[in-house]
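Read the figures in this text as sums done on the coordinates, not as results from a lab. A quick note: this is a predicted structure, and the numbers were derived from the prediction, not measured. All Cβ positions, glycine included, derive from the backbone under ideal geometry; neighbour counts span all protein chains shown.
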Amino acid sequence: MRLTQRRRQRQRSTQGAAAGRRVALLLLAAALSASAEPWSLGSFRLCSSVRLPWVDQNASGAAYVPESNTLWVVRNEPPGLFEYDTSGTRLLRWLDISWLKDTEDLAYIGGGRLAVVEEGPGGGIHVFDIASGRHVESFNVANPRTQEYGNEGLSYDPGSGIYYVAQEKWPRRILAVRPNGDGSSQWWNVVDGDAAYRGVGDIAAVAYVPQLGQVFVLSQESNRVLRSTMEGRVLQELWVTGSQPEPNEMAIYKVDDCGA
């Protein structure tokens, strides 16, 4: 990522919080998807923070893979994919994806595949087969954006095949992206974050929950997770508490019982 000096200073001061909080949001969505009841954000509490081995800095997002019961973490500079046990303390494998640019988030899309989103203009979504580590698909995402405040978050709806992308700022919004199968895609606005999420400073990540037909939205700058309808109506908010994590640290939230 090409950064201005001001952006570099801002990133150094907030990057750790972004990494830990974005991972926390994705773990939260995985926990909700596996449970029949606790959809309330009030059910979640910060249980621990874990420093990720083999990622010195720039951990940018995470995805839970139920078939292997493991976590995958994406690093944005230099780009890389890292597989951990669910405690986040043991590295199982890693994939070199350094040919990509500014990889900000990832999502498990089923069928043993991970999707990774690039932030800046000209960047796209890239799909990898987990077992072989091969790059199997890519397509451009053409929404207007800047290099500094671009596509930050990624989620997926297996029912429709639609990807949901969080654009951080200018404008803040959630996009739907449908690949065309030829390296291009269609995209359209789903939530106008500037209008719907007036109380937050940015959109750092999004997690679509098919069982609800709703999204959980992370604001790094405002230290909050929002539960929102697809029309942008905020149903609940969770303040993200705890110490500011390091750029390679993961905050783990669980439902009700931290010992579970």
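Stretching residue 45 away from residue 221 to a fully extended chain increases their span by 61.4 nm, per 0.36 nm per residue minus the current alpha-carbon distance. Sites listed here are trypsin sites (Lys or Arg not before Pro) in the range 101-186 whose DSSP assignment is loop and whose Cβ has at most 14 other Cβ atoms within 10 Å: 134. With the convex hull drawn over the C-alpha atoms of the range 140-211, the volume per residue is 85 Å³.
Once a ≥ b ≥ c are taken as the square roots of the eigenvalues of the Cα gyration tensor of the range 5-241, is the result rounded (a/c under 1.5), prolate (a/b larger than b/c) or oblate (a/b not larger than b/c)?
rounded
Given a Förster distance of 25 Å, report the FRET efficiency between residue 186 and residue 230 from their Cβ-Cβ distance, rounded to the nearest 0.05. The pair residue 186/residue 230 has a calculated efficiency of 0.90. A Stokes-Einstein calculation at 10 °C with viscosity 1.306 mPa s, built on the Kirkwood radius of the range 64-119 over Cα pairs, returns a diffusion coefficient of 138 µm²/s.
Please list, by residue number, every one of the GluC sites (Glu not before Pro) in the range 164-246 that is coil in DSSP and has at most 16 other beta-carbon atoms within 10 Å. Mind showing how you got there, number by number?
Numbers: sites: 168, 221, 231, 237; in loops: 168, 221, 231.
Passing sites in the range 164-246 are 221, 231.
Please report 94, 99 as a ranked list, fewest other C-beta atoms within 10 angstrom at the top and most at the bottom.
Working: 94 17, 99 9.
With the sparsest Cβ surroundings first, the list reads 99, 94.
Placing unit charges on the Cβ atoms of the charged side chains and taking the dipole of the range 5-241 about its Cα centre, the candidate lying farthest along the positive direction among 80, 222, 159 is 222. For the range 65-173, the square roots of the Cα gyration tensor eigenvalues, ordered a ≥ b ≥ c, give a/c of at least 1.5 with a/b greater than b/c, which places it in the prolate category. Near residue 70, the amide H atoms lying under 5 Å from its own belong to 65; only residues 5 or more places off or on other chains count, and H is placed 1.01 Å from N.
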